[in-house]
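Visitor: Below is one structure. I have some questions about it.
Coordinate-derived values only; no laboratory data. What you see is a predicted model, and the numbers here were worked out from it, not measured in a lab. Neighbour counts run over all protein chains shown; Cβ positions are idealised from the backbone, glycine included.
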Amino acid sequence: MIIISKLIQKLTAVSLLTAILFLVSGCSEDDVTLSQGARVISDHANNPYVNAIPLLDDTIALSNENEGSDTLEGESLFVWSGDQRYTEYGTLGFDGIMTLDTPQDTLHVFFENLSPNERDFILKVFYNYEEVSFCVLGVAVCEAEFVFSLEGNHEVTIPIQLDNNVIATDTINKLTVGIFADPNLFSMTVDSSLWRPRGMLLNFEINYGFREELILYVEQEEPVLKLDGLMFHGLMINQDFDPVLYQAYFPSNPLQVRRGEEVELAFLANATLNINEALEDYLIIAMLDWEQISMNGKPYLYVNVTDDNENVGHHGRFTIEVDRDLGSYEFIAFIVANPVNENSDSNFFPLEMATRFTIEVIE
């Protein structure tokens, strides 16, 4: 139980999702069987009343119902690669490093919904911090998302391969895998429970035999303001540009914008919670309608840090362009500390997310 205890200590300040995620490489295809209960959801963005479609043979394996609790909440994340297998809690290495031959090696995402209720989920994958398409084995179309429904107290294994456009470099590479709950709901139309981050992300290091540090070809930015003594950890995004006001610590209200409008947003960040090392830099990745969106015209916001005091936070601004048709869209963001550093058991923990909010495009 050592690993679980370590996670709980790290997650005391983070809202928790009732699920477990495993990312596995090197598993055999024999591990995959026909699902009897998981369902693929089609066209989540355009159809709020989605229809379930049956899975193809040999695509997703659904376990028998697990012993669950009507009140269980929490998240645990584990990873193994190569010949390692999951056996008992606490028996696995926990540094988030996977050794692959190619980026197209089959990866197995293991996910468990520990809540008592059936829910919809969306799987997203980022390679070196940019969204990539992937293929779910047995599903004909490769896309940048996979939406599925899973009964409460059930688990599912999803075998995926990254798109052929994903290439290995002669450095370490990073693979960020995230599963988010309720992709068809809008935070502005439900109760405040969706204000909490609903999802989880892990940032893996992919080793192809090279140990050079990852190079990101995005110019770093300086935060607008450093806040000493900031008793805040994590990420918050809104339109409150004065960090002295307490509202800067709370989620954004729903925003109304016009199509093609450039929208300025503010961020409040302290990325030191989930690392036991000096903070050198961090990046923020944002999605609109579950698609990665540019920030200040770049794929992500890459922020330089010159003070690693754990009580020093940052307040800054960025712009996004909302080039969407009329309608409502969810805004989601997360933060990655020391994004180019090697993984270790001192920095491999679930990534922190900002609370999501709705952006409504009007005439």
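Visitor: Could you tell me which of Y282, V305, F357 has its Cα farthest along the dipole of region 225-362 towards the positive end, charges placed at Cβ (Lys, Arg +1; Asp, Glu -1), taken about the Cα centre?
Guide: Projecting each Cα onto the dipole axis, the largest value belongs to F357.
Visitor: Something else: Mind ordering 355-363, 144-152, 252-260 by average Cβ neighbours within 10 Å, highest first? Working shown, then result.
Guide: Details: 355-363: 18.3, 144-152: 20.0, 252-260: 14.7.
Sorting 355-363, 144-152, 252-260 by mean packing, highest first, produces 144-152, 355-363, 252-260.
Visitor: Another question about this same structure. What distance in nm separates the simple spin-label points at E130 and Y208, each placed 7 Å from Cα in the Cβ direction?
Guide: In this crude spin-label approximation the distance works out to 1.4 nm.
Visitor: Rounded to the nearest Å, what's the spacing between the alpha carbon centres of region 250-287 and region 310-363? Just the number, please.
Guide: 4 Å
Visitor: To continue, here is another question. Full extension from D95 to E280: what is 0.36 nm times the residue separation minus their Cα-Cα distance, to one decimal in nm? Present the calculation step by step, with values, prior to reporting the outcome.
Guide: On the way: separation 185, 0.36 × 185 = 66.60 nm, distance 1.92 nm.
That works out to 64.7 nm of additional length.
Visitor: Okay, moving on. What net charge is computed for the residues neighbouring T358, neighbours being all others with C-beta under 13 Å from the C-beta of T358, Lys and Arg scored +1, Asp and Glu -1? Let's see the in-between values first.
Guide: Working: positive: R324, R356; negative: D182, D289, E330, E360.
Computed value for this residue: -2.
Visitor: Next question, about the same structure. What does the charge count near A266 come to, summing +1 for each Lys or Arg and -1 for each Asp or Glu among other residues with Cβ under 12 Å from its Cβ?
Guide: On the way: positive: R317; negative: D240, D242, E264.
After counting each charged neighbour, the total is -2.
Visitor: If each residue of separation counts as 0.36 nm, what is the full-extension length gain between A144 and E321 once their alpha-carbon separation is subtracted? All intermediate terms of the calculation are to be shown ahead of the outcome.
Guide: Numbers: separation 177, 0.36 × 177 = 63.72 nm, distance 2.03 nm.
Difference between extended and current length: 61.7 nm.
Visitor: Which value, in debye to the nearest 20, describes the size of the charge dipole of region 271-363 about its Cα centre when Lys and Arg Cβ atoms bear +1, Asp and Glu Cβ atoms bear -1, and nothing else is charged? Mind dumping the intermediate values first?
Guide: On the way: 4 positive and 17 negative charges, 28 e Å.
The calculation lands at about 140 debye.
Visitor: Sort 175-183, 135-143 by packing, meaning the average of other beta carbons within 10 Å per residue, with the highest value first. Don't skip to the answer; put the middle values down first.
Guide: Numbers: 175-183: 22.7, 135-143: 14.6.
Going by the mean number of other Cβ atoms within 10 Å, highest first, we get 175-183, 135-143.
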